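Below: one structure, written as C-alpha cells.
Values in this text are rule-based calculations from the coordinates and carry no lab data. Here the structure is a predicted model, which is why all the values come from computation and not from measurement. Cβ: placed from backbone, ideal geometry, glycine included. Neighbour counts: every protein chain shown.
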C-alpha cells in the first residue's frame, strides 16, 4: 500500500511541475556552454604565453571556426588568468577525450606552426608553463538588450 501511494504522489508531483509535464522537447539554445579554466603560471612565462596566444592559438582557433575564448588576466588573487572556452558542441564536448574542436584547432595550429610536431611542441610548452590549473564546465547567458 505504501508503494502505491508513493508512486501516485510521484506521478502527481511530476504532472504538477510545468517543465516536466510538457509533451515536447525544448532546448535552451540561448545558453553558451564551455570550459572554464583557471591558471596559475610558472614565474617568468607570461610574455611567451601571450605570444603563443596572439600569434598562434587565437588565429588557429578562428581559422578552425571556433568561438573566441574569453580571457581574463587577473591583477589580484591566486590565479593569473581565467579562460572561458565556449563550444558549439555544448555540454556534449565533455563526452570526448579529443573533441572535433580539438582536432580542428590542432590541424590549424599545425599549419601556422609549420607542422604537427611543432604544434604539439607549442602545446607542450604551454602545459609546461602551468603551475596550477582548475577546470570546470559552465555556461553563459546572453546579455539583455
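This ranking places 87, 92, 99 by how few other beta-carbon atoms lie within 10 Å of each, fewest first, which gives 92, 99, 87. In terms of surrounding Cβ atoms within a 10 Å radius of their Cβ, 37, 95, 131 rank from fewest to most as 95, 131, 37. Relative contact order of region 16-145: 41 percent, from C-alpha pairs under 8 Å at least 6 residues apart in sequence. This ranking places 140, 93, 25 by how few other beta-carbon atoms lie within 10 Å of each, fewest first, which gives 25, 140, 93. Applying 1/(1 + (r/R0)^6) with r as the Cβ-Cβ distance of residue 23 and residue 141 and R0 = 30 angstrom yields a FRET efficiency of 0.70. Rounded if a/c is under 1.5, else prolate if a/b beats b/c, else oblate: with a ≥ b ≥ c from the C-alpha gyration tensor eigenvalues square-rooted, which is region 32-140? Taking the square roots of the gyration eigenvalues as a ≥ b ≥ c, region 32-140 is oblate.
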